[in-house]
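What follows is a short report on a single structure.
Each value in this text was obtained by applying a stated rule to the coordinates, not by laboratory testing. Given the structure is predicted, the values throughout are model-derived calculations rather than measurements. Using ideal geometry, Cβ is built from the backbone for each residue, glycine included, and neighbour counts are taken over all protein chains shown.
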């Protein structure tokens with residue numbers, strides 16, 4: 001009889017308790033993996049943001065706009081491969097089918113050649129260039145608003161008054177999982193020529209530029225900002241990645257709380273596991289005395305107990321990973337994606353592996369104290385205990 | 001009924017097991033109560049400042065001060081309305097300019113965040129009686145002086161007393177004081193003079209919003225109806241209290257939902273923990289239970305006794321959890337409000353209701369976790385148990 005057999009047999013001596021403990025470990029793994037998946041998805045925006053693309057906007061505030069003529073000066077900077085621009089529209093659905101979606105006016109000549117992760121069929125692009133009020137939507141937004149190419153779409157804005165009428169010319173396909181599928185792009189000139197946008201005439205929200213060499217992004221950013229340093233409207237330029245990173249600070253407190261909570265569930269799991277093992281060990285003290293008496297060493301006893309603890313937690317870990325796949329990838333993910341909060345919400349395999357490894361590792365930790373206590377008992381004392 | 005002392009002593013005999021289970025439950029209650037306290041903090045931050053007898057006027061469809069603009073002629077017309085409270089020395093109508101600026105965190109991380117700047121006219125500070133300057137002094141009207149809310153004082157580069165920041169090139173604003181506003185979201189803003197800020201930003205004569213003190217809260221419905229009926233004005237009118245609630249409902253809903261969901265998932269683990277412990281207790285005490293039955297205690301008394309013990313166990317954890325969660329009231333955390341694009345700082349607020357609900361939550365966990373083991377205990381046959 002080896003260690004594994006002994007541990008396995010012991011596991012089923014109190015079937016009800018073992019099943020409950022396995023369940024507790026599984027639930028803990030599920031919670032841990034769910035929280036960590038959320039954190040990973042949150043960070044994905046930063047991790048996958050393009051580092052070969054620069055964003056330029058007003059230095060003082062995201063609500064302030066830049067003169068359109070800045071475009072030519074950005075384009076003239078050596079090292080800039082291509083530039084495009086857009087303005088925030090503050091779009092909202094008059095029928096309130098979705099609480100929030102991104103809507104912006106972009107240059108129809110250049111937008112999709114710089115934002116290459118949003119793929120648009122050449123025919124759709126041609127159609128857009130011919131249609132002044134043409135709009136291109138993400139698939140999730142199109143589904144929510146129940147429109148398909150060729151349809152008329154009426155949108156309102158919290159910046160510009162009244163109804164705005166568009167013609168849906170097509171959808172864009174996300175080539176990266178971080179692309180927002182809940183957004184809408186329409187032509188900037190359509191906005192600029194409307195009298196209701198008079199106070200933003202010939203102004204643009206931000207400039208996006210593709211650069212030849214990603215390593216030059218910091219230097220190029222400084223060069224662009226320097227051009228406008230003496231003007232009334234100063235700019236701030238950063239790589240997309242740096243921008244995402246710099247605004248993560250606003251969520252850092254929340255992310256930290258999530259992190260702490262994910263540690264707390266591991267502690268609870270360890271406590272439950274240790275409790276189960278301690279109870280089993282207490283019941284079997286007499287037995288361990290017998291084992292010692294027939295020649296097993298204290299090390300063997302430690303091995304038996306820790307082995308049982310690890311075995312329970314491994315089974316719990318496997319069940320937990322299964323539950324996570326079912327719950328996060330099957331239920332929560334599609335729901336969250338449908339709301340448009342995260343573009344692709346799936347538990348990364350690294351998170352699943354980590355959760356499983358932690359469960360197994362903490363199984364060992366939980367077994368150690370009861371194991372040492374049982375093994376260090378004198379054989380005669382252990383035998384005397386009959387309870 | 002089995003004496004309660006029996007249960008309490010039983011719990012204390014098995015210190016390790018009781019302790020481990022109670023600590024587990026304590027952590028669950030901690031998370032649960034913490035979530036409710038954060039929700040209360042947001043409610044306090046956004047709802048507290050709002051008054052029912054103050055109406056806020058925004059451009060129709062703008063939903064928030066940030067994207068709204070109200071023309072000077074509308075402001076002038078509002079001043080003529082009969083519903084405006086006219087008290088000597090106090091403004092009845094104020095027009096304010098609200099903008100957000102990008103500010104760098106002072107912690108040296110290079111992180112950026114959005115800060116709300118409110119330009120208020122002379123009399124705007126007195127318009128809110130809850131507002132108190134706690135350090136330095138209030139800015140002089142018509143100057144480039146500003147004061148900063150207590151919650152964000154020192155959080156950003158240049159936005160602390162004695163420092164200055166730029167709203168535009170060579171347009172520095174001098175921070176001269178720190179203010180409190182009963183924990184409301186004003187404490188996450190910077191306040192200065194409306195005209196000076198509007199000029200610095202190159203804004204036209206329009207303001208972002210108008211606030212009107214009504215002679216009484218009951219005037220509101222007619223006031224709203226008559227203004228919104230006039231399509232030329234193109235305005236929407238809300239009670240200030242409703243407006244502030246609306247500004248945070250998504251954030252509050254998101255946070256409370258998120259953390260209560262986590263706490264409920266946690267509670268599943270804790271209930272399993274309680275069930276394991278109570279199961280063990282029943283298994284180890286079969287002989288005791290048999291004796292109790294032999295002495296004449298009914299099955300129902302045994303059932304009740306063990307359920308009670310489970311509830312005690314959980315309440316012990318709940319008490320520890322609710323006691324420790326009070327530590328959170330010393331902390332506050334900044335968070336981005338998606339609806340206003342700006343950061344607000346939220347504290348954890350404890351109320352007696354939250355404490356009671358949390359303790360009740362722990363006892364329910366004990367009840368559910370202890371039910372099955374208690375049924376097992378009640379089924380013990382006295383003869384077999386005493387035979388051993």
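A few comments on the model shown:
- Efficiency of FRET from Cβ geometry, residue B:300 and residue B:356, R₀ 30 Å, rounded to 0.05: 0.55
- With Cα atoms, 0 to 90° folded angle of helix B:4-13 axis to chain B main axis: 90
- Ordered by the number of other Cβ atoms lying within 10 Å of each residue's own Cβ, fewest first, B:140, B:224, B:132 fall into the sequence B:140, B:132, B:224.
- Chain B: angle of helix B:240-284 to the longest principal axis, Cα-based, in degrees nearest 10: 10
- Antiparallel bridge percentage (DSSP; both residues within the range A:53-212; nearest 5): 75
- Distance in nm between pseudo-label sites at residue A:267 and residue A:231 (7 Å out along the Cβ direction from Cα): 5.4
- Taking the C-alpha atoms only, the angle from helix A:217-227 to the longest principal axis of chain A is near 30 degrees.
- Mean separation of Cα pairs under 8 Å and 6 or more residues apart, divided by the residue count, gives chain A a relative contact order of 28 percent.
- On the beta carbon distance between residue B:338 and residue A:368, with R0 = 35 Å, the FRET formula returns roughly 0.15.
- Computed log₁₀ I(q)/I(0) - Debye formula, equal Cα scatterers, no solvent, chain B, q 0.08, 0.14 Å⁻¹: -0.57, -1.10
- Rounded FRET efficiency, nearest 0.05, which uses the C-beta distance separating residue A:256 from residue B:4 and R0 of 51 Å: 0.75
- Distance between the pseudo-spin-label points of residue B:375 and residue A:123 (7 Å out from Cα toward the beta carbon): 6.4 nm.
- Pair residue B:222, residue B:77: separation of 7 Å Cα→Cβ label points (nm): 1.9
- For A:226, A:68, order by how many other beta-carbon atoms lie within 10 Å, fewest first: A:226, A:68
- Cα Rg over Rh - the protein assembly as shown, Kirkwood: 1.07
- Estimated purely from DSSP H runs of n ≥ 4, each contributing -39500 (n - 2.57), the mean residue ellipticity at 222 nm for chain A is -16500 deg cm²/dmol once divided by its residues.
- Dividing the convex hull volume of the alpha-carbon atoms in chain A by its residue count gives 180 Å³ per residue.
- Among A:300, A:108, sorting on how many other beta-carbon atoms sit within 10 Å of each Cβ, with the fewest leading, yields A:300, A:108.
- Extension gain, residue A:344 back to residue A:329 (0.36 nm per residue minus Cα-Cα distance, nm): 4.4 nm
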